[in-house]
1. So which of 232, 126 ends up being assigned by TED's automatic domain parsing to the domain that holds residue 466 and either part of a helix (DSSP H, G or I) or closer than 25 Å to residue 466 by Cβ (or both)?
2. Filter segment 368-395 for residues that are under 30 Å from residue 292 (Cβ atoms) and in a strand (DSSP E or B) and give the result.
3. I'm told residue 377 meets every condition in (1) under 20 Å from residue 470 (Cβ atoms); (2) away from the ligand (no atom under 16 Å from the Cβ); (3) touching a strand residue (DSSP E or B) at 6+ places or on another chain (Cβ under 8 Å) except one. Can you identify the failing condition by its number?
4. Tell me, yes or no, whether segment 339-360 has at least one residue that is part of a loop (DSSP other than H, G, I, E, B), within 24 Å of the chain's Cα centre (by Cα) and away from the ligand (no atom under 13 Å from the Cβ).
5. Are there any helices (runs of 4 or more DSSP H) wholly within segment 135-225 with 1 or more residues that are under 35 Å from the mean Cα position of the chain (by Cα) and in the same structural domain as residue 379 (by TED's automatic domain parsing), and if so which?
6. On the phi > 0 side of the Ramachandran plot and in contact with a strand residue (DSSP E or B) (Cβ under 7 Å, 6 or more places away or on another chain), is that true of residue 124?
7. Which of the residues that make up segment 414-429 are closer than 23 Å to residue 343 by Cβ and either more than 16 Å from the ligand (Cβ to nearest atom) or in contact (Cβ under 8 Å) with a residue 40 or more places away in the chain (or both)?
8. If the requirement is being closer than 30 Å to residue 231 by Cα and either out of contact with any helix residue (DSSP H, G or I) (no Cβ under 7 Å at 6 or more places or on another chain) or outside any loop (DSSP other than H, G, I, E, B) (or both), which of these qualifies: 442, 477?
Ligand SMILES: [Zn+2]
């Protein structure tokens, strides 16, 4: 008996000794991989649904791919056949390449898409698994790392190019429809002990993603205009917003009147009776069929500024409309309209609609060549997904066109707030920049949502807007303008 104990003891000591001097050996045994990972402060890959998510279409993944990953992923997908996307939050690598390639093939076999979210990271074997996604997308801030692999004493490139060791990877990439150059590039990109973060050019070149998710420019513009740095865009103190809009107009390639996008004006402030200075920013795109007839797409860019030391950012009122003007200008510059379209960012709206009043009083083109005005004021925040179009009470000839466009939107598009005799609803036709056009007899419509708790409050911040709603209102407006431009209706005789 004693002798057996000694033998077992010596064997154990040898095993412990091997493990201490060569901990890699632990990874050879699947059952111990999880433990070994924990010892190294790494987490073995886990698949889960976050508690705050009610939809179970997206399966989350975090951790290092190990011997159990094939079984784990099969189990997760068998139990949740509705899963369409694997969201790889942080998958820094794999400790078992054989299992990794099998688990990855399982992902492809089931037509699952892969996605790396904002600030997400995949690397090494994680990148290989990412490539198994049928559709693959990565957020602009996500990181994708690659490097060479190494055997016990050799780096991959020490093996001749036609060596058997390369073949299993080349075969895998071929199955995933990734060009074989990708494999050789990863071996050159960084040694096994290091990592290379792929550049956007490399990601495109090697077809690593099938979909590029650029940050949404409409939202980025709104966020910028509504940031504290813009100090609430109060009239007289909104030069930063002017610079921003002017630069955008220039970059888009809008034409200007009299060689400047700036149309400065003065107005008398109601409260104080003082004369004040303000600036409208105006550019246009020339129409291909009716270049001398103009549609005016307008929104005010000013807001309340800083009140008692608090910045009123006005994200919805009206960084939303301003961002929409810029993106519409960009769109119509690329898709030449039939009529010329003027894009006007009005100042001093909050002090009494002065920008638009001045525009109509001193128009950059003869007023009788302006056929129509579209106004946008507060179009990014509504919990009921409801957007109003006002103006069809006065100009019913536009309603059928707009109804047709609205039918294609998943928003609740309502018409109203434009009938002065309707006592159930506030009358909006004189509360924003379309008013001056209305009083000049120019047909107009206005897009806006009903007031929310942030209205004229310091909580009108970018964090509170509804991004999906905003993207949809923007598309609704874009399609509406396009429909009106292409099929300009005759006035209805009253
Ligand atoms: Zn407003």
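The values are calculated or read from the model by the stated rules, or taken from the named source; none is laboratory data. Being a predicted model, the structure only gives us computed values, none of them experimental. Cβ coordinates were reconstructed from backbone atoms using ideal geometry, including for glycine residues, and neighbour counts include every protein chain displayed.
1. Values: 126 fails: assigned by TED's automatic domain parsing to the domain that holds residue 466.
Every option except 232 fails the conditions.
2. Correct list: 370, 371, 372, 373, 374, 375, 376, 389, 390.
3. Condition not satisfied by residue 377: (2).
4. Pass one, segment 339-360, residues part of a loop (DSSP other than H, G, I, E, B): 347-353.
Keeping just the survivors that are within 24 Å of the chain's Cα centre (by Cα) gives none.
Within segment 339-360, none of the residues are part of a loop (DSSP other than H, G, I, E, B), within 24 Å of the chain's Cα centre (by Cα) and away from the ligand (no atom under 13 Å from the Cβ).
5. Qualifying helices (runs of 4 or more DSSP H): 217-225.
6. So residue 124 fits the description; yes.
7. 428
8. On the way: 442 fails: closer than 30 Å to residue 231 by Cα.
Of 442, 477, the one residue that is closer than 30 Å to residue 231 by Cα and either out of contact with any helix residue (DSSP H, G or I) (no Cβ under 7 Å at 6 or more places or on another chain) or outside any loop (DSSP other than H, G, I, E, B) (or both) is 477.
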